[in-house]
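Below: the structure, in structure tokens.
The values are calculated or read from the model by the stated rules, or taken from the named source; none is laboratory data. None of these values were measured; they are calculated from a predicted model. Cβ coordinates were reconstructed from backbone atoms using ideal geometry, including for glycine residues, and neighbour counts include every protein chain displayed. For the accessible areas, the whole protein counts, side chains as well, though only heavy atoms, and no ligand, DNA or RNA atoms are used. Shrake-Rupley method; radii C 1.70, N 1.55, O 1.52, S 1.80 Å.
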Amino acid sequence: AKPESTEVNEQIEEEVEEGNRQWEDTMARRAGVLPSSSTSQQSEAVHHHRKKVTSNSSSIAEIKGSLQPTINNLENVSSDLATSVHRQQSAIASTKDELTKHRSTLQDHGKALEYYQGLRVDLATWMGALRELDSMISLAEEAQRRWEVDVTWKKLEKFFEWGEDCTSVLEKQGLLESKFTCADDSEADQTPQVDEFGRVVSSKAAIARMKRLDRRQKMQSQRLKNVDNDMISSCINEDNFDVREVDEWKQRNKAVKDAVALIPNSVNEDYRSIANLCSLFLEWQRLYPEDYKSSFAQMSLVKMASVLVRLELCQRWDL
């Protein structure tokens, strides 16, 4: 398609040529000379060709003018499509990044879920084993406590009885200036007993005292037998106990120890180790420190480990 200025110029040139051709015809007629038929035909052919070219140029211009809005519209659509494609590509890239992030998060959550399922099974097994140990350890501790109370009370009772016997002897020998006693312990307030011949019979307390003195002497001689160390005290509270009482305490002590020795056999060896228990919690703390802190796992570890500590104390109990 040619520009509009070119079309105008062509029309002007055509009009000028048409005027020139008419002027030539007029001058030829005046001179009596008409142009030949071939010249006239060539002129008409040129004129027709020029007219046809002009018509084609005008048609092309009209077509271009009618197509220009469509072209502009297509250009706008193309620009919108380019912008939309760029925007969609950005959205696709962002979606891919989010998808990768979600996949990574899902994978991490899957690993955490598998770990916590295993941890739950391990902790449940540990709790069952420690609960079994705790019930038996409590019974053993109660037996040990009762044994200690009985032995301690008996030792105190014998010790005070020994003191009263020593006080009575010193009093009879006139070596005691003053004495603090209870009303039941004073022999002076007791009515003397006499036999059928009027002889004074020793009170029951005096008889018992003499028996205890005799027993102390025997126990002391057995203890100091074949001992050359002069630093060993010749008077100790253990001499106040006879062999029967000592054997009874030893039997009770042995029974408690035998019972404690059977406690560990009730659970697997792996669940009697404090190191194994701590490693379970340390692994949890290393993998998921925030969960470990928020769940107060340290307190649970201390409470669970205390059962194993009590078991070890019971095993080391030796009095």
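The calculated FRET efficiency for Met127 paired with Leu282, based on their beta-carbon distance and R0 = 22 Å, is about 0.75. The HN-Hα couplings worked out from phi for the stretch 77-82 by the Karplus form 6.51 cos²θ - 1.76 cosθ + 1.60 (θ = phi - 60°) are 4, 4, 5, 5, 5, 4 Hz, whole numbers, x standing for Gly and Pro. Compared with the direct C-alpha span, the chain from Asn72 to Ile60 gains 2.6 nm at full extension, assuming 0.36 nm per residue.
Work through the residues other than Leu282 whose Cβ is under 15 Å from its Cβ and net out their charges, Lys, Arg +1 and Asp, Glu -1. Working shown, then result.
Working: positive: Arg286, Lys293; negative: Asp122, Glu283, Asp291.
Taking every Cβ under 15 Å from that of Leu282, the sum is -1.
Averaged per residue, the stretch 228-309 has 67 square angstrom of accessible surface, using a 1.4 angstrom probe with ligands and nucleic acids left out.
Between Ala208 and Asp108, 0.36 nm times their residue separation minus their Cα-Cα distance comes to what? Write out the running numbers ahead of the final one.
Numbers: separation 100, 0.36 × 100 = 36.00 nm, distance 8.28 nm.
That works out to 27.7 nm of additional length.
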